[in-house]
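To start, the structure under review is shown below, and the notes come after it.
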Amino acid sequence: MKYVDDKKFQTRMTIRMLINKIAKLMFFLATIIGLVVLVILIYRVYTQSIGWIDWQFLTGKLSTKAEKAGIFGALLGTLWLMAVVAPITMILGVGTAIYLEEYAKKGRIHSFIQTNINNLAGVPSIVFGILGLTIFVRGLHLGAIILSGGLTMSLLVLPIVVVASQEAIRSVPQFLREASYGMGATKWQTISKVVLPASIPGILTGVILALSRAIGETAPLVVIGIPALILPFPDSLLDKFTVLPMQIYYWTIDSALVDEYANLAAATIVILLLALFVMNSIAVIIRNKFQKRY
Amino acid sequence: MENDIDQQKSTTITIRQIIEKNKHSSMNLSRIKERLMPIILFTIALISILTTAGILLTLIFETIEFFKAVPFLDFFTGTKLKPLGADPKFGVLPLLTGTLLSSAIAMFVAIPIGLMTAIYLSEYASDNARRVLKPILEVLAGIPTIVYGFFAFTFVTPLLRSFIPSLEPTNILSPGLVMGIMIIPMVASLSEDAMSSVPNALREGALALGATKLEVTWKVIIPAAFSGIIASFVLGISRAIGETMIVTIASGSSKNFTFDITQSMQTMTAYIVEVTGGEAAAGTTLYYSLYAVAMTLFFFTFLMNLLAQYISRRFREEY
């Protein structure tokens, strides 16, 4: 008596193997779709920007005339924004992380703050824009200036810095802390002289990633009301400003009226993507070069 | 001898004196620091709580003002949205359908492709392939949404119009598709995390029983990682609901109550952009409608985030 019909077994096996191969191919193709879209997107933007990125474009003032328009003001605005966001998120983010990791007892307050930070990370950016509009722009009567834009953006990216700093602080091994206590150092001395220096690479990586999120965000700034055409260059925290993504936004929606605006938008996108690429590369270099493994 | 001991005694005393002296000069400051730092850091940690409170309070207060002017039921069941004009109508349904449709289209793209990408990366790909593909996904995730908006408006819509001539220049289909592409990396990386945390023993057990890789994935890995995978879908939906720039640019601003995806529609986020862009005077119903819509938006995304947290906590398989 035969328990296994050889022929049946063979055909079934072949079919199962075949299905597995087909599925593997499908999974691979699905993974490739992302790559294909990325290539098309970058190719499209690049070809549209050819001939538009020149010295005059980088250093000129905004203009309604496409040939004369430059993005120097938006570049300055983006730099100003980073100058506000970087220190604020660094102090607030690292402070919160130190408190949560080193001081807070694992209990109700700790998990409340932690859950709250996780939830904040999921709030749509436009809602932060409304918060900024209500509190900074209208409540404190600041208007759509660098300070209010920077504060709004800081609150938006704060969770990124907190979480990255927490991970960096957590990865500092316990024996370093104990060695420091063993030498007679106090808690704060241990944190400021041992834990923080050891976690600086992780913290910096987090801050850079947060900054690259901040300079690419548009929605909160649209909501706080940055106008389409700002001619003077900003030179203090209280000046009105515009940033690269805002310029992309206005040129894109107006490209239905003036075709060349699409080229200006593409050229600005190239500059923005280059800036993001540089920042992310720096983050990767810091992560690979300075991150010690204990 | 006597003299020696005396001298030793005096040196000991001098060292102790030095220590005492130092204690007084420097310990005071550092003792204050030691007490003060936890308090300062706690205050800083409270800022995140204050932000949430700020968001909730501003939304709630202004929304209450709005519902003084427009009845609650009219807002949630009204199919007409005409914020300007002599007889303004504030029905949120056109915005809700816009948001729902664009998110549905996005998830229609992001769920299958994201899941398949996750399966490939976690179960099939060699280490080398993973090393190349994962950074590409990260780049895709790092592209600002405004760039996707530009891409949808200037490339995807014209491309789609050559297939579907009846497609309007601004429509909900094109931003929905592009939003789906944008969400793929998120779904893929979260699902992949869930799948690669399934212990290898389960994989090897199933393979040893003669299952093919596909059967292992389908009957062992996906059921074991199910909670994480569903949570990634829910977070993707939340992201799609809150996405602003792509829909603002590419889906237009017509406030029709329709389910026709080839037409121009407005989402909740795009409405907020339009109203704030128009500099609505504070105190008008139009101005308050901003907060009512934002509150609805916040409520939906918050619900989705809570749901995702609940799913991944409640249904997690522990090994």
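The values are calculated or read from the model by the stated rules, or taken from the named source; none is laboratory data. Note that the structure is a prediction, hence the values are computed from the model and not measured. Ideal geometry is used to build each Cβ from the backbone, glycine not excepted, and the neighbour counts take in all protein chains shown.
Out of the residues in region A:155-206 that are in contact (Cβ under 8 Å) with a residue 12 or more places away in the chain and hydroxyl-bearing (S, T, Y), state the one that is nearest to A:I286 (Cα to Cα). Checking each candidate, the answer is A:T205.
Within the option set B:Y120, B:Y124, being at the interface with another protein chain (Cβ under 7 Å from one of its Cβ atoms), modelled with pLDDT of 90 or more and over 26 Å from the mean Cα position of the chain (by Cα) holds for one residue only, B:Y124. Among the residues of region B:130-153, is there at least one that is of a type in the set (G, A, S) and over 21 Å from B:S232 (Cα atoms)? There is at least one residue in region B:130-153 that is of a type in the set (G, A, S) and over 21 Å from B:S232 (Cα atoms).
Of all residues in region B:131-156, those satisfying the criterion of being under 27 Å from A:A256 (Cβ atoms) and not aliphatic (A, V, I, L, M) are B:P144, B:T145, B:Y148, B:G149, B:F150, B:F151, B:F153, B:T154, B:F155.
Checking each residue in region A:182-204 for being away from chain B (no Cβ under 13 Å) and part of a helix (DSSP H, G or I) picks out A:G182, A:V194, A:P197, A:A198, A:S199, A:I200, A:P201, A:G202, A:I203, A:L204.
Condition check: within 12 Å of chain A (Cβ to nearest Cβ) and in contact (Cβ under 8 Å) with a residue 60 or more places away in the chain. Does B:I183 satisfy that? It is true that B:I183 is within 12 Å of chain A (Cβ to nearest Cβ) and in contact (Cβ under 8 Å) with a residue 60 or more places away in the chain. Restricting attention to region A:36-67, the residues being over 30 Å from B:V132 (Cβ atoms), in a helix (DSSP H, G or I) and at pLDDT 80 or above number 5.
Considering only region A:90-131, state which residues are part of a helix (DSSP H, G or I), under 19 Å from the mean Cα position of the chain (by Cα) and either aliphatic (A, V, I, L, M) or more than 10 Å from every other protein chain (Cβ to nearest Cβ) (or both). Within region A:90-131, A:M90, A:I91, A:L92, A:V94, A:A97, A:I117, A:L120, A:A121, A:I126, A:V127 meet the criteria. Among the numbered conditions (1) at pLDDT 90 or above; (2) closer than 25 Å to B:F302 by Cβ; (3) within 14 Å of chain A (Cβ to nearest Cβ); (4) out of contact with any Phe, Trp or Tyr (no Cβ under 9 Å at 6 or more places or on another chain), tell me where B:S251 comes up short. If we test B:S251 against (1) at pLDDT 90 or above; (2) closer than 25 Å to B:F302 by Cβ; (3) within 14 Å of chain A (Cβ to nearest Cβ); (4) out of contact with any Phe, Trp or Tyr (no Cβ under 9 Å at 6 or more places or on another chain), just (1) comes out false.
Take B:G176 and tell me if it is farther than 20 Å from A:A23 by Cβ, more than 9 Å from chain A (Cβ to nearest Cβ), at pLDDT 90 or above and touching a helix residue (DSSP H, G or I) at 6+ places or on another chain (Cβ under 9 Å). In short, yes.
Among the residues of region B:277-285, is any part of a loop (DSSP other than H, G, I, E, B) and of a type in the set (S, T, N, Q)? Yes - at least one qualifying residue is present in region B:277-285.
Would it be correct to say that A:V84 is modelled with pLDDT of 90 or more and more than 14 Å from chain B (Cβ to nearest Cβ)? Yes; evaluated as a whole, the condition is true for this residue.
For region A:237-259, the set of residues classified as touching a residue at least 60 places away in the same chain (Cβ under 8 Å) and surrounded by fewer than 15 Cβ atoms within 10 Å (Cβ to Cβ) consists of A:L238, A:V258, listed by residue number. In region B:226-248, how many residues are touching a residue at least 60 places away in the same chain (Cβ under 8 Å) and either within 10 Å of chain A (Cβ to nearest Cβ) or among the aliphatic types (A, V, I, L, M) (or both)? Count: 15. Mind counting the residues in region A:40-54 that are under 22 Å from the mean Cα position of the chain (by Cα), buried (at least 19 other Cβ atoms within 10 Å of the Cβ) and either touching a residue at least 60 places away in the same chain (Cβ under 8 Å) or assigned by TED's automatic domain parsing to the domain that holds A:I269 (or both)? Total meeting the criteria: 1.
Identification of helices (runs of 4 or more DSSP H) wholly contained in region B:1-112 with 1 or more residues that are within 19 Å of B:F302 (Cα to Cα) and modelled with pLDDT of 80 or more yields B:28-69, B:72-77. The single condition from (1) surrounded by fewer than 19 Cβ atoms within 10 Å (Cβ to Cβ); (2) small (G, A, S); (3) closer than 15 Å to A:T242 by Cα that A:G73 fails is (1).
Looking at (1) assigned to a loop (DSSP other than H, G, I, E, B); (2) under 25 Å from B:V156 (Cβ atoms), find the lone condition where A:F28 falls short. Checking A:F28 against (1) assigned to a loop (DSSP other than H, G, I, E, B); (2) under 25 Å from B:V156 (Cβ atoms), the one that fails is (1). If only residues of region B:163-219 that are in a helix (DSSP H, G or I) and either charged (D, E, K, R) or not assigned by TED's automatic domain parsing to the domain that holds B:A141 (or both) are counted, the one that is surrounded by the most Cβ atoms within 10 Å (Cβ to Cβ) is B:E192.
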